[in-house]
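J.: There's a structure below that I have some questions on.
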Ligand SMILES: [Zn+2]
C-alpha cells in the first residue's frame with residue numbers, strides 16, 4: 001500500500017529545489033543519515049550528488065536523481081546512479097525508490113484512464129457503430145444465402161479464407177479447316193480459362209472475422225466498465241490491476257480498425273456485380289438465382305425468363321471478349337481440370 005499512498009513529486013527547476021524547506025544543495029550525508037524520499041528531479045542543468053564517499057562528497061553531476069530528507073531534517077540530493085550503485089538493494093532508499101517508481105507509474109496509468117474516460121461518449125459511439133457494422137455484414141451474407149443459395153455462400157466463405165477472390169470460367173474455341181492431304185474437314189478445339197472478375201469484400205463471409213469483431217466489442221465494453229470502477233475508487237485497485245485496465249483500453253484502436261475493415265468489406269461486397277456470383281460454383285439453380293438477384297437489385301422484373309435472358313446476354317459478351325464459341329463450365333482449378 002506504500003506505493004499507493006506515496007506522493008509523487010517531480011522537480012524540473014533548480015528554483016523549485018531551493019524552495020524546499022531545509023534544502024542544502026551541498027550537504028554531505030552517509031547511508032545512515034537517510035530518512036525518506038521527497039521527490040525526483042529532472043533538470044536541464046546538472047547538480048552535484050551529495051553522497052559521502054570515503055569522507056568526501058561524491059560531487060558527480062547529474063540531471064536526474066532524488067531529493068531526499070535526512071534524519072537531521074536537511075533536504076539534499078543524490079544522483080540516480082549513486083542511489084542504485086552505492087546502496088544495497090535491501091536499504092530503505094532502494095526500497096523507497098522502487099515504491100516511488102511504482103507510485104509514479106500508477107499515477108500515469110490513472111491519468112491515462114482518466115483521459116480515455118473524458119471521451120467516454122466517443123467510445124460508446126464506437127461500440128454502437130461496431131455492433132451495427134457487424135449486424136450489417138451478417139445481414140448481407142444471409143441475404144446472399146437466401147437469394148442465391150448455400151453453395152454460393154459456402155464458396156464465398158472459402159474464397160475469404162483462401163484469399164483467392166477471382167472468378168474464372170472455362171471456355172472453348174473450335175476452328176475447322178481442310179486437311180491438305182486427306183481433303184477432309186477437321187475441327188480443332190482449344191480449351192482455356194479466363195478470369196471474368198473478382199469478388200471484393202468476401203471477408204464478410206468469414207465467420208471468424210465476425211467472432212474477432214464481437215470479441216473486440218466485448219473486450220472494450222468490459223475495459224470501459226472496469227475503467228469507470230477504477231476511476232470511481234482507485235484506492236481499491238492494486239498497481240497491477242490499474243496497469244492492466246489501462247492496457248485493456250488500448251482495445252479502442254484495435255476495434256476501430258476491425259470495424260472499419262468490416263464496414264469497408266461490406267460496402268465493397270455490395271458493389272460487386274451480382275451476376276459474377278453465378279460463376280463461382282457449378283450450381284445452375286444458383287446461377288439463375290444470381291441473375292434474378294441482379295435484376296431485383298436494379299429493380300427490374302426478375303422472373304426465370306428475364307434471368308435466363310440476362311445470363312445469355314452476359315455470356316454472349318464474355319464469349320466475344322474471349323474470342324470463344326462456348327462456355328464449357330465455370331469455376332477454377334480442380335473443377336476446370338475435371339471439365340477439360
Ligand atoms: Zn553520487
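The values are calculated or read from the model by the stated rules, or taken from the named source; none is laboratory data. Source: prediction; values computed, not measured. Cβ atoms come from the backbone with ideal geometry, glycine included; neighbour counts cover every protein chain shown.
J.: For the condition in the same structural domain as residue 29 (by TED's automatic domain parsing) and touching a helix residue (DSSP H, G or I) at 6+ places or on another chain (Cβ under 6 Å), what is the one hit in 81, 99?
T.: Exactly one of 81, 99 is in the same structural domain as residue 29 (by TED's automatic domain parsing) and touching a helix residue (DSSP H, G or I) at 6+ places or on another chain (Cβ under 6 Å), namely 99.
J.: Could you tell me whether the stretch 101-124 includes any residue that is within 16 Å of the ligand (Cβ to nearest atom) and surrounded by 14 or more Cβ atoms within 10 Å (Cβ to Cβ)?
T.: Within the stretch 101-124 (the criterion being within 16 Å of the ligand (Cβ to nearest atom) and surrounded by 14 or more Cβ atoms within 10 Å (Cβ to Cβ)), the answer is no, since none of the residues qualifies.
J.: Would you point out which residue out of 144, 178, 217, 148 is modelled with pLDDT under 95 and either buried (at least 18 other Cβ atoms within 10 Å of the Cβ) or under 30 Å from residue 319 (Cα atoms) (or both)? I'd like the intermediate steps shown before the answer.
T.: Values: 144 fails: modelled with pLDDT under 95; 217 fails: modelled with pLDDT under 95; 148 fails: modelled with pLDDT under 95.
Answer to the selection: 178.
J.: Would you mind telling me which numbered condition in (1) surrounded by 13 or more Cβ atoms within 10 Å (Cβ to Cβ); (2) over 24 Å from residue 101 (Cβ atoms); (3) modelled with pLDDT under 90 residue 24 fails?
T.: (3)
J.: Restricting the search to the stretch 280-310, which residues are crowded, with 18+ Cβ neighbours inside 10 Å and touching a residue at least 24 places away in the same chain (Cβ under 8 Å)?
T.: Selection gives 280, 281, 283, 286, 287, 289, 290, 292, 293, 310.
J.: So which residues in the stretch 235-248 are touching a helix residue (DSSP H, G or I) at 6+ places or on another chain (Cβ under 6 Å) and either assigned to a helix (DSSP H, G or I) or in contact (Cβ under 8 Å) with a residue 24 or more places away in the chain (or both)?
T.: Within the stretch 235-248, 239, 242, 243, 245, 246, 248 meet the criteria.
J.: Further question: For the stretch 10-29, state whether one or more residues are in a strand (DSSP E or B), in contact (Cβ under 8 Å) with a residue 24 or more places away in the chain and under 30 Å from residue 230 (Cβ atoms).
T.: Yes, the conditions are met somewhere in the stretch 10-29.
J.: Turning to a different aspect of this structure: Taking the stretch 39-92 as the region of interest, how many residues are outside any strand (DSSP E or B), more than 47 Å from the chain's Cα centre (by Cα), surrounded by 13 or more Cβ atoms within 10 Å (Cβ to Cβ) and away from the ligand (no atom under 15 Å from the Cβ)?
T.: Count: 1.
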